[in-house]
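To keep things clear, I will list the structure first and then write my remarks on it.
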Amino acid sequence: MEKLLEVEGLKTEFKRDGGNVMAVAGLDFHINSGEVLGLVGESGCGKSVTSLSIMQLLKGTPGRNAGGSVKFKGTDLLRLSDKEMRRVRGKDLAMIFQEPMTSLNPVLRIGKQLEEPIRLHMGYNKAKAREHAIHMLKLVGIPRAEGVMNDYPHQLSGGMRQRVMIAMAMSCHPQLLIADEPTTALDVTIQAQILDLMKRLKEERSMGMLLITHDLGVVAEMCDRVVVMYAGRVVEEAPVKELFENPQHPYTQGLIRSVPKLRQKVRRLESIPGNVPDLSRMPAGCKFAPRCPHVMPQCLTAEPELLAASGDASRKSRCWLTQETELKGGTGA
Amino acid sequence: MSQQSTAAEHHSSGGSGGEAAPAKRKSAMAEFIRKFSKQKLSLVAGIFIILLLLVAIFGPFLTPYDPDAPDYDSMLSGPSMKHWAGTDEYGRDILSRLIEGTRLSLAVSLSAVFIAAFFGTILGLLSGFYGKWLDRLIMRSSDVLFSFPDILLAIGIVAILGPGLTNVVIAVAVFGIPSFARMIRSVTLSAKETLFVEAARSMGAKDRRIIWRHIFPETLPSVIVNVTMKIGGAILAASSLSFLGMGAKPTEPDWGAMLSMGRDYLSIAPHVVYFPGLIIFLTVLAFNLVGDGLQDALDPKMKN
Amino acid sequence: MGLLKRPLFFSKEVSSLGRYALQRLLGVIPLLFVVSVLVFMFIHLIPGDPARLVAGKDATLEEINGIREQLGLNDPLWRQYIDYMGNLFKGDLGNSIRSGLPVSDMLASRFMPTIWLTIFSMVWAVIIGVLIGIISAVKRNRWPDHVGMITAISGISVPGFWLGLVLIQVFSVQLGWFPTGGVDSWSSYVLPSLTLGAGIMSMLARFSRTSMLESMREDYIRTGRAKGLHEFVVVGRHALRNSLIQVVTVAGLQFGFLLGGSVMVETVFSIPGLGRLLVDSIAFRDYTVIQAELLLFATEFILINLVVDLLYGVLNPKIRFDSN
């Protein structure tokens with residue numbers, strides 16, 4: 001399968017008063033075309049920073065790229081000029097954000113905001129852009145699309161606004177959609193509708209998707225593969241079914257345990273004891289060691305690599321425990 | 001569920017903040033000094049103000065000449081080694097008069113601002129703490145005062161009371177009161193909501209004690225910033241009134257009055273106008289820079 | 001349905017804005033009332049007998065009594081106030097103590113120079129101030145920002161009358177580019193407008209910088225960038241539109257500052273405007289003129305604030321389309 005996006009050794013640094021910290025510390029993952037990859041982790045693990053680094057939207061934040069590469073169909077986005085990157089953003093790579101309430105400009109009409117990328121990337125004139133914008137609004141299931149074009153964001157509900165955001169992101173036929181917690185701010189029933197919509201559009205358009213979430217319910221419903229992040233690193237990568245059936249990393253196990261058996265959609269992941277470590281005071285060895293129920297002496301001194309399981313290249317884990325059992329299994333056979 | 005947990009978090013953090021208040025205040029002070037020192041320009045301005053205050057205190061020992069002694073042999077002479085800032089139309093040494101005037105100008109503006117701060121703070125505390133009709137009365141009155149452009153209000157007051165520096169102090173103080181009252185009121189309102197005030201009240205503390213011991217300290221940073229910010233404006237207002245002939249008498253070595261007198265000689269001896277204006281400008285600039293520095297240091301939100 | 005949409009949507013807009021406007025208007029009326037009472041009381045607040053003040057130092061007792069009768073000072077205060085307001089609505093502000101001319105005529109002849117001065121000052125101050133604010137915000141913490149902000153704080157700190165005198169000395173006396181005073185030609189407005197606008201320009205520069213920085217931290221800015229928009233469009237269309245709503249409000253509120261400043265500037269540049277008249281009237285204790293001027297300035301200030309409030313409503317879609 002063709003690799004649509006390939007992230008290698010991505011590092012993002014944050015400027016702070018007491019010196020710089022690594023919010024993303026060498027990230028490796030890829031997305032195949034037509035695939036939905038889930039990026040999972042507690043808040044503060046670097047998920048959102050990762051998405052902004054890919055889109056190069058770190059301007060206005062204290063963050064900056066500090067190494068690695070982000071190859072989109074073979075082109076390293078980090079090496080593009082501002083001008084070249086602007087041509088990719090909103091066209092090949094589109095993004096929707098967590099806060100539909102604030103992600104739209106309050107003083108511009110919906111129509112104006114929708115037409116902007118269409119006119120820019122598709123070169124349509126005003127009338128044609130408007131027509132296309134209305135078509136997009138209808139596509140995302142907005143009733144009375146013509147009327148909404150003249151509305152201001154505050155006249156719409158949160159769910160409607162997120163539909164507008166989706167329409168805007170999809171308007172130039174992107175090949176990859178990055179969705180950062182797209183349903184977190186919405187009511188439960190609206191969440192399901194928005195997820196269904198995204199799923200349907202993804203099927204129709206056969207685009208790739210990077211879905212960033214802390215909600216394993218959303219992951220189970222939407223994703224093909226999952227990357228679990230902790231403290232700016234990938235700790236586990238697996239196809240979605242395998243991940244839920246047989247999680248390798250103690251952190252992933254903890255995440256899954258914290259989801260109640262009777263599946264409810266809204267659920268904060270809070271039941272792993274302890275907190276995400278502060279970026280400026282990272283433990284020396286495995287970053288999860290202080291919270292890990294299976295911690296061993298070597299976990300405190302050396303950080304394990306992200307290694308593929310033997311015989312299954314699609315599964316990777318960053319844990320001494322699994323790597324040791326691999327080792328043992330190897331000698332036993 | 002998730003909402004409940006955040007509410008609980010909020011409460012617990014509020015509680016611990018209350019317990020650790022003395023330690024927190026100390027570290028906040030250190031943080032403040034560190035932040036303020038980082039603003040080089042404000043620091044320089046602060047040093048300038050300290051020098052100015054010293055000049056005001058020790059003025060009579062610093063003047064190279066008698067500020068009131070005329071010298072009809074060197075009238076309107078430009079800056080020279082003998083007279084660094086030149087002489088005025090009576091041959092009086094301008095530098096000496098500026099030094100003498102420092103005391104006058106600072107006394108007028110500082111007393112006006114302190115009077116405004118005193119009454120404004122009391123009104124703001126009462127308005128915010130008691131609310132209801134008292135609040136409405138005080139706020140509506142300040143609306144009325146606000147409906148006169150500030151300097152015009154001062155002019156109106158001087159027109160009623162007659163010219164003179166005492167009346168200038170009153171006029172500048174009166175138009176300073178509403179802004180203090182409004183600001184302190186809003187700080188009071190938020191301070192009233194915090195836990196330790198409720199706690200103090202539930203232990204049966206008297207209103208006066210709550211306001212004085214618990215709310216007033218909270219408003220202090222805002223009062224300090226606002227006082228500093230207002231001094232610059234007060235100096236401008238007072239010197240404007242003197243310039244218009246409504247403040248200091250022309251014979252007094254007031255900076256604004258000196259400018260007003262020098263105006264007639266602008267084309268032949270511009271230094272008579274330049275130096276008094278420059279000192280007003282630099283003084284006001286220094287107070288404004290220090291005010292900015294204080295605000296940045298006390299309100300980190302504005303910093304970025 | 002689709003055809004009906006447009007008119008329906010307009011009527012919604014108009015009714016919501018109308019409600020907002022009515023609210024503001026009703027809020028202004030009590031304020032105007034209190035201000036008029038205060039200004040009316042002005043002449044009674046001056047220590048001493050108003051009739052004696054009006055009559056002048058050398059007046060005889062009969063003259064003073066005559067004036068007292070003429071001004072209705074023997075009536076109860078509320079009666080006097082009603083008479084005063086009644087005359088006011090007829091356009092009668094009384095006569096000048098000094099010249100005996102009707103005050104309303106004096107004000108009318110002084111009105112235009114002040115208006116021109118204020119407008120010119122406001123226009124350049126808003127344009128340059130907002131421009132400096134935007135540049136400073138975009139180039140935050142780099143040299144254009146530092147230059148802009150040092151200019152701005154200097155502009156706030158400089159005494160207007162001194163700035164005016166320095167400009168006269170340099171550009172009129174030394175270079176001879178502009179007249180030193182008066183209003184004989186449009187060029188005589190250049191230096192006064194520069195002087196009067198300096199403070200507001202600086203205030204607006206500082207305010208629009210803060211406001212732009214705030215806007216640029218908003219989520220919709222990130223959305224704009226994510227669409228692939230040029231930074232110029234993101235700043236100029238998305239951030240600026242939001243900031244301008246606040247900037248316009250603040251600019252309007254600074255108008256009062258201009259009215260006050262015009263007193264100084266008109267004195268320095270010998271402009272026969274309202275401000276100059278006020279200073280002269282105070283010097284000659286021409287109380288009826290002072291009273292009328294204070295009322296005019298305060299009313300003007302209140303009405304400008306009202307207009308600014310309304311403008312804010314027109315510019316801000318949240319008020320224009322408030323469904324409640």
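The values are calculated or read from the model by the stated rules, or taken from the named source; none is laboratory data. Computed from a predicted model, the values in this text were never measured in an experiment. Virtual Cβ from ideal backbone geometry, glycine too; neighbours counted across all protein chains shown.
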Of all residues in segment A:114-147, which are at pLDDT below 90 and β-branched (V, I, T)?
-> A:V140, A:I142
All conditions in (1) surrounded by fewer than 17 Cβ atoms within 10 Å (Cβ to Cβ); (2) within 14 Å of chain C (Cβ to nearest Cβ); (3) touching an Asp or Glu at 6+ places or on another chain (Cβ under 6 Å) are true of A:R64 except (2)
Whichever residue in segment B:255-264 is within 16 Å of B:D93 (Cβ to Cβ) and touching a Leu at 6+ places or on another chain (Cβ under 8 Å) and, among such residues, is nearest to the other protein chains (Cβ to nearest Cβ) = B:W255
Selection count where residues are of a type in the set (F, W, Y) and either surrounded by 24 or more Cβ atoms within 10 Å (Cβ to Cβ) or without any contact (Cβ under 8 Å) to a residue 40 or more places away in the chain (or both), scope segment C:198-246 = 2
When you go through A:D151, A:D224 one by one, which is the residue that is in contact with a strand residue (DSSP E or B) (Cβ under 6 Å, 6 or more places away or on another chain), of a type in the set (D, E) and surrounded by fewer than 19 Cβ atoms within 10 Å (Cβ to Cβ)?
-> A:D224
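Rundown of residues vs (1) in a helix (DSSP H, G or I); (2) closer than 23 Å to C:D309 by Cβ; (3) basic (K, R), yes/no style:
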position	(1), (2), (3)
C:A239	yes, no, no
C:S243	yes, yes, no
C:T249	yes, yes, no
C:G252	yes, yes, no
C:T267	yes, no, no
C:S270	no, no, no
C:I282	yes, no, no
Among (1) touching a residue at least 60 places away in the same chain (Cβ under 8 Å); (2) in contact with a Lys or Arg (Cβ under 9 Å, 6 or more places away or on another chain), A:F72 falls short only on (2)
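Residue by residue, here is whether (1) within 11 Å of chain C (Cβ to nearest Cβ); (2) more than 20 Å from B:I122 (Cα to Cα); (3) modelled with pLDDT of 80 or more holds:
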residue	(1), (2), (3)
B:R213	no, no, no
B:V227	no, no, yes
B:I235	yes, yes, yes
B:F275	yes, yes, yes
Scan of segment A:98-126 for residues that are among the charged types (D, E, K, R) and in contact with a Pro (Cβ under 9 Å, 6 or more places away or on another chain), ordered by number | A:R109
Find all pairs meeting these conditions: Cβ atoms under 6 angstrom apart; at least six residues apart or on different chains; first residue within segment A:278-303 and touching a residue at least 60 places away in the same chain (Cβ under 8 Å); second residue surrounded by 13 or more Cβ atoms within 10 Å (Cβ to Cβ).
-> A:L279/A:V21; A:S280/A:V21
Where a residue in segment A:147-164 is under 17 Å from A:T184 (Cβ atoms) and more than 11 Å from chain C (Cβ to nearest Cβ) and its partner, wherever it lies, is of a type in the set (V, I, T) and part of a helix (DSSP H, G or I), with Cβ under 6 Å and at least six apart = A:G159/A:I190; A:Q162/A:I194
Considering segment A:90-102 alone, what residues qualify as being modelled with pLDDT under 90, facing another protein chain (nearest Cβ under 7 Å) and touching an Asp or Glu at 6+ places or on another chain (Cβ under 8 Å)?
-> A:F97, A:E99, A:T102
Of (1) more than 27 Å from C:H230 (Cβ to Cβ); (2) more than 11 Å from every other protein chain (Cβ to nearest Cβ), A:L176 satisfies every one except (1)
Check A:L176, A:L211, A:L139 and return the single one that is farther than 23 Å from A:G68 by Cβ and hydrophobic (A, V, I, L, M, F, W, C).
-> A:L139
So C:R225 fits all but one of (1) over 18 Å from A:R89 (Cβ atoms); (2) within 14 Å of chain A (Cβ to nearest Cβ); what number is the exception?
-> (1)
Of residues in segment C:150-189 being polar (S, T, N, Q) and within 17 Å of B:L236 (Cβ to Cβ), the one nearest to the chain's Cα centre (by Cα) = C:S157
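Each row is one residue, and each column tells you yes or no for (1) buried (at least 22 other Cβ atoms within 10 Å of the Cβ); (2) in contact with a Phe, Trp or Tyr (Cβ under 6 Å, 6 or more places away or on another chain).
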{"position": "A:G90", "(1), (2)": "yes, no"}
{"position": "A:A94", "(1), (2)": "yes, no"}
{"position": "A:N105", "(1), (2)": "yes, yes"}
{"position": "A:K112", "(1), (2)": "no, no"}
{"position": "A:I118", "(1), (2)": "yes, yes"}
{"position": "A:K128", "(1), (2)": "no, no"}
{"position": "A:G141", "(1), (2)": "no, no"}
Could you please give the count of residues in segment B:245-268 that are surrounded by fewer than 23 Cβ atoms within 10 Å (Cβ to Cβ) and aliphatic (A, V, I, L, M)?
-> 3
Check whether at least one residue in segment B:131-139 is closer than 23 Å to C:G252 by Cβ, within 14 Å of chain C (Cβ to nearest Cβ), surrounded by fewer than 19 Cβ atoms within 10 Å (Cβ to Cβ) and of a type in the set (K, R), and report yes or no.
-> no
Please work out which one of (1) outside any loop (DSSP other than H, G, I, E, B); (2) in contact with a strand residue (DSSP E or B) (Cβ under 7 Å, 6 or more places away or on another chain) is the condition A:E116 fails and give its number.
-> (2)
State whether one or more residues within segment A:190-203 are away from chain C (no Cβ under 13 Å), under 30 Å from A:K316 (Cβ atoms) and touching a strand residue (DSSP E or B) at 6+ places or on another chain (Cβ under 8 Å).
-> yes
Subset of segment C:160-169, residues more than 9 Å from every other protein chain (Cβ to nearest Cβ) and farther than 15 Å from B:D264 by Cβ, comes to C:L167
Matching residues in segment C:170-180 (more than 8 Å from every other protein chain (Cβ to nearest Cβ) and either touching a residue at least 60 places away in the same chain (Cβ under 8 Å) or within 23 Å of B:F243 (Cα to Cα) (or both)) number 5
Candidate set: segment C:259-285, residues that are more than 8 Å from every other protein chain (Cβ to nearest Cβ) and under 19 Å from C:F301 (Cα atoms); chosen: the one surrounded by the fewest Cβ atoms within 10 Å (Cβ to Cβ) = C:R276
